[in-house]
1. Among the candidates Phe163, Phe117, Phe121, single out the residue that is touching a residue at least 12 places away in the same chain (Cβ under 8 Å) and either part of a loop (DSSP other than H, G, I, E, B) or more than 26 Å from Met185 (Cβ to Cβ) (or both).
2. Consider the range 207-243. How many of its residues are exposed (fewer than 12 other Cβ atoms within 10 Å of the Cβ), among the hydroxyl-bearing types (Ser, Thr, Tyr) and either farther than 30 Å from Pro130 by Cβ or touching a Phe, Trp or Tyr at 6+ places or on another chain (Cβ under 6 Å) (or both)?
3. Would you confirm whether or not the range 14-22 contains a residue that is under 28 Å from the mean Cα position of the chain (by Cα) and loosely packed, with under 12 Cβ neighbours inside 10 Å?
4. Counting just the residues of the range 173-209 that are of a type in the set (Val, Ile, Thr) and more than 14 Å from the chain's Cα centre (by Cα), which one comes out nearest to Lys152 (Cα to Cα)?
5. Considering each of Tyr58, Tyr148, Tyr122, Tyr92 in turn, give the residue that is at pLDDT 95 or above, assigned by TED's automatic domain parsing to the domain that holds Trp189 and more than 18 Å from Gln37 (Cα to Cα).
6. Take Arg179 and tell me if it is in the same structural domain as Ile103 (by TED's automatic domain parsing), at pLDDT 95 or above and either surrounded by 15 or more Cβ atoms within 10 Å (Cβ to Cβ) or farther than 24 Å from Cys83 by Cα (or both).
Amino acid sequence: MVCLSGGKDSYTLLHMLLGLQRSAPAHFELVAVNLNQQQPGFPAHVLPDYLEELGVSYYVVNRDTWSVVKSRIPEGKTACGLCSRLRRGALYAFAEQIGATRIALGHHQDDIVETLFLNMFYGARLAAMPPKLRSDDGRNLVIRPLAYCREKDIAAFSALMNFPIIPCTLCGSQENLQRQNIKAMLAEWDTSHPGRIESIFNAMQSIAPSQMADSNLFDFASLEIDRSTPRPTWEHAGNQIVQQGGPSGEQGAGESDRIALHCIDAMEQASQPAAEACGKSSAHGAPVQACQAE
């Protein structure tokens with residue numbers, strides 16, 4: 001089930017999947033679904049006309065979510081969040097109704113990176129939108145085939161194909177200020193540091209839980225040291241300088257002993273006592289305890 005809104009992303013998604021349907025070794029069926037939310041001025045004929053000409057099976061689901069949004073969102077406030085949730089609920093239910101096993105959405109790489117930073121900056125959590133997602137109730141699988149595509153490439157393809165674009169601002173609502181700020185930040189990065197958006201997306205695919213701080217993902221509490229084997233020789237351990245001192249009142253108070261420790265041989269002869277291998281002691285006869293460099 002390909003969710004078609006009439007924007008550049010969903011048109012590109014449909015055409016990409018149609019191409020895959022012809023060439024991929026796996027067989028799958030496609031059906032386009034548009035949710036007409038009864039927004040004022042919505043050109044209801046555009047998508048059916050286009051899909052008929054393309055020869056693609058489709059459904060148009062008419063559900064008045066617009067009235068619900070208007071009744072709950074004060075005038076002048078951004079309605080995108082509630083509108084999106086209502087749309088998602090309607091599409092999930094319809095996918096079950098027609099027996100669709102996958103719901104394909106048109107989110108691209110820029111959308112995913114934006115969502116990552118929105119959640120970090122305003123939600124204090126690391127989360128974005130995965131390329132494949134099972135819904136919370138387990139009843140639907142969502143796929144995002146454009147997850148590895150940049151928005152600028154999709155825009156160029158859309159312009160080349162001359163898709164009959166339906167603007168997403170018919171309702172008069174604008175993106176909230178938070179998302180606008182994130183978009184502006186990423187656009188500046190993309191200009192001053194080309195490739196940074198791709199690097200961030202790649203980092204989302206290479207997460208090291210032990211290097212983060214979430215104890216639900218990694219068991220930090222049970223970490224223990226393991227010195228059961230000899231420490232490997234460190235090539236830069238020679239000629240290490242160690243200063244040894246003590247608290248006030250003890251022998252050597254007020255002065256530090258500078259000791260040149262030649263530890264390479266000590267680590268190669270791990271079976272010998274460290275002090276014997278180094279052949280060194282402090283000026284006051286105290287045995288050296290630090291022949292191994294960290």
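1. Phe163
2. Qualifying residue count, the range 207-243: 3.
3. yes
4. That would be Thr191.
5. Working: Tyr58 fails: more than 18 Å from Gln37 (Cα to Cα); Tyr122 fails: at pLDDT 95 or above; Tyr92 fails: more than 18 Å from Gln37 (Cα to Cα).
None of the others qualify; the one that does is Tyr148.
6. Numbers: in the same structural domain as Ile103 (by TED's automatic domain parsing): yes; at pLDDT 95 or above: no; either surrounded by 15 or more Cβ atoms within 10 Å (Cβ to Cβ) or farther than 24 Å from Cys83 by Cα (or both): yes.
It is false that Arg179 is in the same structural domain as Ile103 (by TED's automatic domain parsing), at pLDDT 95 or above and either surrounded by 15 or more Cβ atoms within 10 Å (Cβ to Cβ) or farther than 24 Å from Cys83 by Cα (or both).
The values are calculated or read from the model by the stated rules, or taken from the named source; none is laboratory data. From a predicted model like this one, the values you see are computed outputs, not experimental measurements. Neighbour counts are summed over all protein chains in view; Cβ atoms, including those assigned to glycine, are modelled from backbone coordinates with ideal geometry.
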